[in-house]
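Comments concern the structure below.
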Amino acid sequence: GSGSGSGSFPSLFPPGLHGIYGECRRLYPDQPNPLQVTAILKYWLGGPDPLDYVSMYRNLGNPALNVPEHWHYVSFGLSDLYGDNRVHEFTGTDGPSGFGFELTFRLKRETGESAPPTWPAELMQGLARYVFQSENTFCSGDHVSWHSPLDNSESRIQHMLLTEDPQMQPVQTPFGVVTFLQIVGVCTEELHAAQQWNGQGILELLRTVPVAGGPWLITDMRRGETIFEIDPHLQERVDKGIETDGSNLSGVSAKCAWDDLSRPPEDDEDSRSICIGTQPRRLSGKDTEQIRETLRRGLEINSKPVLPPINAQRQNGLNLDRAPSRKDSLESESSAAIIPHELIRTRQLESVHLKFNQESGALIPLCLRGRLLHGRHFTYKSITGDTAITFVSTGVEGAFATEEHPYAAHGPWLQILLTEEFVERMLEDLEDLNSPEEFKLPKEYSWPEKKLKVSILPDAVFDNPLH
């Protein structure tokens, strides 16, 4: 009836849920009761699945626009459905509701399929778990490196990009605004292109290739070819883009560590200074905050299992810059500078040894060519949460590493300032990082007059907390 918004109604039908249902009804007036996957034990009662529901609709597509028939999945639970603090802190009507978004996914319907496959609901729960555990929200253009076929088949579609859903409009609920971010399945080559250039650029290309997504970016798990195999000209577009724009990936969660070679660990009397090699210690809350601000947005690059179990020790995250400018800054838009205003004792180091596993090592050329040569910064944050390494170029503001003292540490956070000519030289010396086939671990690179050493080590080294 007309008074349905008041009285006992909200307790029966949570208003946040109601708002999203309204948008689904607008698109699918003929499917009032779609199939739904429901979390058996709700997250707020201790269950493992953060999404209360995932609804699954049949979408007829749009033959005129070359959009095939597909299944459309919509999540409920990343936004605030209830408004009573059981999952999300209630923050009012004006800002985002909960994390501010729900996930959607469009999966090409196979001939003869009469019901939607349910594996996408599992995939969405996995992504939601990552968001809840890391408190990293997603934005259009972000990527997720998953390293596994999304449907656990033999498919080449093993990673994800995120984009605005082409049909669902943002919804205003009593608990804030909810936008709809669509998951787009991509091949490894497409993920790498998105990292080295940017996600939006690759999404644009996928829209132009009907079998790889087309205008509504519909995922076809049977696609056997990358867009670069389908249309070789697209690789030139990406290479040009990388050259002019650089990369907008400004950090990754990784297996990494660093040692201060400047002095033997035993005369380290000062508890505030630390030598990771001998005395592992957790990042303080403030360190983590600073680094999380630096890495505000994006997703983790990490080998399987991609989403570590929920556990407060881990705050992985990684960031896509907004509009990169030639003069990059370590200041975030929202907060004051990364460096807290009270004086902090920053240690200058003479000589440094950096350690990476093979996957994070393979990103060093991207860090140097796509970021530093474009006047930007790049951060590796250890997955185990005890250390971080930020590379900065001379143009970056707000860094505590300087040209006089290019290696500087602030507790367990190391910054390394590299000049343009040194970057060029490192790129030449690190040439073989690009061909992993010939790679034998451990591998060491050394620039003695710069007092810098880089080792690429087996994963197992990093899994032992003492390195």
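The values are calculated or read from the model by the stated rules, or taken from the named source; none is laboratory data. Treat the numbers as computed from the prediction; the structure is a model and nothing was measured. Don't worry about glycine lacking a Cβ; one is built from the backbone with ideal geometry, like all the others, and counts go over all protein chains shown. Each accessible area value is taken on the protein alone, full model and side chains, heavy atoms only, with ligands, DNA and RNA left out. Shrake-Rupley method; radii C 1.70, N 1.55, O 1.52, S 1.80 Å.
I'm trying to understand the selection: among the residues of the range 342-357, which are modelled with pLDDT of 90 or more and open to solvent by 50 Å² or more (accessible area, probe 1.4 Å)?
Kept after step one, since they are modelled with pLDDT of 90 or more, are these residues of the range 342-357: 348-357.
Within the range 342-357, 348, 350 meet the criteria.
Give the range 146-177 a look and list any residue that's surrounded by 22 or more Cβ atoms within 10 Å (Cβ to Cβ) and small (Gly, Ala, Ser), or say none.
The answer is 176, and nothing else.
Residue-by-condition table, conditions (1) open to solvent by less than 10 Å² (accessible area, probe 1.4 Å); (2) assigned to a loop (DSSP other than H, G, I, E, B):
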site: 58; (1), (2): no, no
site: 104; (1), (2): yes, no
site: 114; (1), (2): no, yes
site: 127; (1), (2): yes, no
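Residue 207 is checked against (1) surrounded by fewer than 19 Cβ atoms within 10 Å (Cβ to Cβ); (2) touching a Lys or Arg at 6+ places or on another chain (Cβ under 9 Å); (3) part of a helix (DSSP H, G or I) and fails just one. What number does that condition carry?
All conditions are met except number (2).
Being at pLDDT 95 or above, touching a Lys or Arg at 6+ places or on another chain (Cβ under 7 Å) and closer than 30 Å to residue 357 by Cα is the filter here, so list the residues in the range 220-257 that pass it.
Correct list: 224 only.
Step by step: first the residues of the range 425-467, then only those that are more than 28 Å from the chain's Cα centre (by Cα) and within 17 Å of residue 403 (Cβ to Cβ), then the one that is most open to solvent (accessible area, probe 1.4 Å). Which residue is that?
449
Looking at residue 441, is it among the aliphatic types (A, V, I, L, M), more than 30 Å from residue 244 (Cα to Cα) and in contact with a strand residue (DSSP E or B) (Cβ under 7 Å, 6 or more places away or on another chain)? Steps first, please.
Details: among the aliphatic types (A, V, I, L, M): yes; more than 30 Å from residue 244 (Cα to Cα): yes; in contact with a strand residue (DSSP E or B) (Cβ under 7 Å, 6 or more places away or on another chain): yes.
Taking the combined requirement at face value, the residue satisfies it.
For the range 126-160, which positions are within 17 Å of residue 49 (Cβ to Cβ) and hydroxyl-bearing (Ser, Thr, Tyr)? Please lay out each step first, then the result.
Residues of the range 126-160 within 17 Å of residue 49 (Cβ to Cβ): 126-134.
Selection gives 130, 134.
Inspect the range 193-205 for any residue being outside the structural domain of residue 374 (by the TED database) and over 22 Å from the mean Cα position of the chain (by Cα) and give the result as yes or no. Before the answer, list the steps.
As a first pass, look at the range 193-205 and keep what is outside the structural domain of residue 374 (by the TED database): 193-205.
Filter once more, so that each one left must be over 22 Å from the mean Cα position of the chain (by Cα): none.
No, the range 193-205 has no match at all.
I'd like the residue in the range 129-145 that is open to solvent by 10 Å² or more (accessible area, probe 1.4 Å) and among the hydroxyl-bearing types (Ser, Thr, Tyr) and, out of all such residues, is nearest to the chain's Cα centre (by Cα).
137
Identify all residues within the range 16-52 that are loosely packed, with under 12 Cβ neighbours inside 10 Å, outside any loop (DSSP other than H, G, I, E, B) and modelled with pLDDT of 95 or more; write none if there are none.
Going through the range 16-52, the residues loosely packed, with under 12 Cβ neighbours inside 10 Å turn out to be 22, 29-30, 32-33, 40-41, 45-46.
Checking which are outside any loop (DSSP other than H, G, I, E, B) leaves us with 22, 45.
Answer for the range 16-52, where residues must be loosely packed, with under 12 Cβ neighbours inside 10 Å, outside any loop (DSSP other than H, G, I, E, B) and modelled with pLDDT of 95 or more: just 22.
Counting just the residues of the range 175-204 that are at pLDDT 95 or above and in a loop (DSSP other than H, G, I, E, B), which one comes out farthest from residue 85 (Cα to Cα)?
187
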